[in-house]
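I have placed the structure first, in the form of structure tokens, so that the comments after it can refer back to it.
The values are calculated or read from the model by the stated rules, or taken from the named source; none is laboratory data. Owing to the predicted nature of the structure, the values given are computational and were not obtained by experimental measurement. With ideal geometry, Cβ positions are generated from the backbone for all residues, glycine too; neighbour counts draw on all protein chains shown. Note: areas computed on protein heavy atoms with side chains; ligands, DNA, RNA excluded. Shrake-Rupley method; radii C 1.70, N 1.55, O 1.52, S 1.80 Å.
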Amino acid sequence: DLDISVIDEMPKNRKPIKTVLRGEGKLPEIFKFIIDKKKEGYQTFIVYPLVEDSDKLELKAAETFYEELRKTHMKNLNVGLIHGRMSWQEKEEKMLLFLKKQFDVLVSTTVIEVGIDIPDANIILINDAHRFGLSQLHQLRGRVLRSSFKPRCFVFSETKSQKTISRLKSFVNAKNGFELAEADLQQRGAGDLAGAKQWGVSDL
């Protein structure tokens, strides 16, 4: 005895986001865009999959690239860092400073995935995007849709896997979570209703 509500519209005054997939050698070009847009009042999230470097995974880490960006590409900008190992007080303090525009760029892990409202943060760069699920990418993209500026999402990956590139392109082209869910179902299957299998062709 339940009703189903389908929310298939964006909140009022939200501008459509432009999402682009970029690969090897394109980061300097993206960094230049971020720096140029800062002059217009834009703020940026730069997301990495790891907090610190790992011997087991060839992935970019937030702490390492935070230090590197401050010394190189972003040396003339105010850059902050936030990740899941910080206490909630530290995280809250960093987000408040970002909201007050004390930071132009906030380097982060997926700790910003939900519940973040920074109106002038209208650019997000997601590094090693192939390591994130489609729903996670969609949540991250949703952080930069909250003001009158035209939002941009850069999806960066150096993967050579055509299957993975196809998956990322489906994210780029999807306009909402419904389209993304359809793409995910087509690519991975439904999995089993009973049992531990979470993806693949159903046994029904």
Rounded to the nearest percent, how much of the accessible area of the chain (1.4 Å probe, protein heavy atoms only) is carbon and sulfur?
50 percent
Relative to the present Cα-Cα distance, how much length would full extension add between Lys169 and Leu27 at 0.36 nm per residue of separation?
49.3 nm
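About the Cα centre of the chain, how large is the charge dipole given +1 on each Lys and Arg Cβ and -1 on each Asp and Glu Cβ? Please answer in debye to the nearest 20. Walk me through the numbers on the way to the answer.
Numbers: 33 positive and 29 negative charges, 198 e Å.
Dipole of the chain, to the nearest 20 debye: 960 debye.
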Quick one: what are the phi-derived ³J(HN,Hα) couplings along region 90-101, Karplus 6.51/-1.76/1.60 with θ = phi - 60°, whole Hz, x for glycine and proline?
4, 5, 5, 5, 5, 5, 5, 5, 5, 4, 7, 6
Shape of region 74-164, Cα gyration tensor, a/c cut at 1.5
prolate
Asserting the computed 222 nm helical MRE of the chain (DSSP H runs at least 4 long, -39500 (n - 2.57) per run, divided by residue count, to nearest 500) equals -10000 deg cm²/dmol
Would region 12-150 count as rounded, prolate or oblate if I go by the C-alpha gyration tensor, calling it rounded below 1.5 in a/c and otherwise prolate when a/b exceeds b/c, oblate otherwise?
rounded
In range of the label at Ala181: residues from region 125-161 whose backbone nitrogen is under 18 Å from the point 7 Å along Cα→Cβ:
133-142
Would you give the gap between the C-alpha center of region 1-25 and the C-alpha center of region 108-152, rounded to a whole Å?
12 Å
Could you compute the longest span of the chain free of trypsin sites (Lys or Arg not before Pro) located in DSSP loops and having at most 16 other Cβ atoms within 10 Å, not counting the site residues?
102-159
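Output the pairs from Lys71/Lys169; Lys12/Lys71; Lys37/Lys71; Lys75/Lys100; Lys100/Lys160; Lys26/Lys175 with a Cα-Cα distance over 30 Å in this structure; if there are none, say none. Numbers along the way, then the final one.
Working: Lys71/Lys169 32 Å; Lys12/Lys71 40 Å; Lys37/Lys71 20 Å; Lys75/Lys100 20 Å; Lys100/Lys160 40 Å; Lys26/Lys175 24 Å.
Pairs exceeding the cut-off: Lys71/Lys169; Lys12/Lys71; Lys100/Lys160.
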Once you put a point 7 Å from the Cα of Asp1 and another 7 Å from the Cα of Arg188, both along the Cβ direction, what distance in nm separates them?
3.6 nm
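Using DSSP to define loop residues, name the GluC sites (Glu not before Pro) in region 4-36 whose beta-carbon has at most 11 other beta-carbon atoms within 10 Å. Walk me through the intermediate numbers first.
Values: sites: Glu9, Glu24, Glu29; in loops: Glu9, Glu24.
Here the GluC sites (Glu not before Pro) that fit, given the DSSP loop and packing criteria, are Glu9, Glu24.
Shape call for region 67-112 from the C-alpha gyration tensor, a ≥ b ≥ c root eigenvalues: rounded (a/c under 1.5), prolate (a/b greater than b/c) or oblate? Provide the component values of the computation, followed by the final result.
Values: a/c = 2.64, a/b = 1.51, b/c = 1.75.
Here region 67-112 falls in the oblate category.
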What is the sum of charges, Lys and Arg at +1 and Asp and Glu at -1, for the other residues whose Cβ falls under 13 Å from the Cβ of Leu96?
0
